[in-house]
Amino acid sequence: MSKLLINESPVMIIPSLAVKIGVNEAVVLQQIHYWLRISKHTIEGRTWVYNTYEEWQKQLPFWSVSTIKRTIRSLEMLGLLLSEN
């Protein structure tokens, strides 16, 4: 039996990170960290994750696409995330 209330993959929130950069930013950064650890896409020494905003929204369905865009832009402005097309 699962220790989870509902049997689905959890989204992690690291409290100390949320205090420093914001709850939305901490959730998205943790989700990206998860995918980077299993990604096989490495270009010039950098590991990449390929998702559209809509694909991120499927993983984080409690947020709108515009909230995800704002959060990703915030992480970029903080220097914690590099995004490319």
Checklist entry - Once phi is turned into θ = phi - 60°, what whole-Hz ³J(HN,Hα) does the Karplus curve with 6.51, -1.76 and 1.60 give for every residue of region 72-79, x standing for Gly and Pro? => result 5, 4, 4, 5, 5, 5, 6, x
Next on the checklist: Taking loop as defined by DSSP and a crowding limit of 16 other beta carbons within 10 Å, which GluC sites (Glu not before Pro) in the chain fit?
Outcome noted: E8, E44, E84
Checklist outcome for this item: Between the residues N24, T47, L5, the Cα farthest towards the positive end of the dipole of the chain, that dipole coming from +1 and -1 charges on the beta-carbon of Lys, Arg, Asp and Glu, is from L5
Checklist entry - Tell me, what are the semi-axes, in whole angstrom and largest first, of the equivalent ellipsoid of the chain as set by the roots of 5 times the Cα gyration tensor eigenvalues? => result 21, 17, 14
Checklist entry - Ignoring ligands, DNA and RNA, what percent of the accessible area of the chain is carbon or sulfur (1.4 Å)? => result 56
Next on the checklist: To make sure I understand the rule: partners must be lysines, Cα under 26 Å from the Cα of K3, and not fewer than 8 residues away in the same chain. Which ones qualify?
Outcome noted: K58
Checklist entry - Per residue of the chain, what 222 nm ellipticity follows from adding -39500 (n - 2.57) for every DSSP H run with n ≥ 4, rounded to the nearest 500? => result -15000 deg cm²/dmol
Item to check | Dipole in debye (nearest 20) - the chain, about Cα centre, beta carbon charges: Lys, Arg +1; Asp, Glu -1 | outcome: 160
Checklist entry - On average, how much accessible surface per residue is there in the chain, in Å², for a 1.4 Å probe, leaving out ligands, DNA and RNA? => result 78
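The values are calculated or read from the model by the stated rules, or taken from the named source; none is laboratory data. Keep in mind it's a predicted model, so treat the numbers as computed, not measured. Every residue, glycine among them, receives a Cβ derived from its backbone with ideal geometry; neighbour counts consider all protein chains shown. Side chains included, ligands, DNA and RNA excluded: accessible areas come from the protein's heavy atoms. Shrake-Rupley method; radii C 1.70, N 1.55, O 1.52, S 1.80 Å.
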